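Trainee: Got a structure for you, questions after.
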Amino acid sequence: MAYDVEKPDEQWREELSPAEYAVLRQAGTEPAFTGEYTDTKTKGVYACRACGAELFTSTEKFESHCGWPSFYDPKDSTAVELLEDRSHGMVRTEVRCARCGSHLGHVFEGEGYPTPTDQRYCINSVSLRLEPDGD
């Protein structure tokens, strides 16, 4: 798929830290309960750390106690793309930034969370950058 932001792999490696590159460009996962935004309650917009696209807001963030920041919906339906992921012997739905194709995490449905969508976008903190509200 063609993305609005495309860069050679060497440029991504230069611009991202090793941990960011491992998650965003190699579909890795940060260890549970270690991410910067797992428990934050700061109001604002969560943007893609690779390209700056606005992905989620604090309004949709909720406590899932799973070890990663969780959101019940993206900021806009076109902000992310969802792809089937059959890695690690499982079938899951991968979440990627629709602007640059960077891996963000996975979305799970039907887990009984008390959210309007019954979805849990389980997102790696290292793939996000929080832009706090100016209030």
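The values are calculated or read from the model by the stated rules, or taken from the named source; none is laboratory data. These numbers were taken from a predicted model, which means no experiment stands behind them. Heads up, the Cβs are rebuilt from the backbone with ideal geometry, glycines too, and the neighbour counts pull from every protein chain shown.
Trainee: Which condition breaks for residue 3 when tested against (1) free of Cβ contacts under 8 Å to residues at least 40 places away in the same chain; (2) in contact with a Cys (Cβ under 8 Å, 6 or more places away or on another chain); (3) of a type in the set (Ser, Thr, Tyr)?
Mentor: Failing condition for residue 3: (1).
Trainee: While we're on this one: Any idea which of 94, 111, 81, 131 is over 12 Å from the mean Cα position of the chain (by Cα) and under 21 Å from residue 29 (Cβ atoms)?
Mentor: The conditions single out 111.
Yes/no per residue for (1) touching a strand residue (DSSP E or B) at 6+ places or on another chain (Cβ under 9 Å); (2) modelled with pLDDT of 95 or more; (3) hydroxyl-bearing (Ser, Thr, Tyr):
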residue: 30; (1), (2), (3): no, yes, no
residue: 46; (1), (2), (3): yes, yes, yes
residue: 64; (1), (2), (3): yes, no, yes
residue: 82; (1), (2), (3): yes, yes, no
residue: 88; (1), (2), (3): no, no, no
residue: 102; (1), (2), (3): yes, yes, yes
residue: 114; (1), (2), (3): yes, no, no
residue: 128; (1), (2), (3): yes, yes, no
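Trainee: Being over 11 Å from residue 55 (Cα atoms), in contact (Cβ under 8 Å) with a residue 60 or more places away in the chain and surrounded by 19 or more Cβ atoms within 10 Å (Cβ to Cβ) is the filter here, so list the residues in segment 69-100 that pass it.
Mentor: 100
Trainee: If only one of 14, 6 is farther than 19 Å from residue 109 by Cβ, in a helix (DSSP H, G or I) and not aliphatic (A, V, I, L, M), which one is it?
Mentor: Result: 14 is the single residue among 14, 6 that is farther than 19 Å from residue 109 by Cβ, in a helix (DSSP H, G or I) and not aliphatic (A, V, I, L, M).
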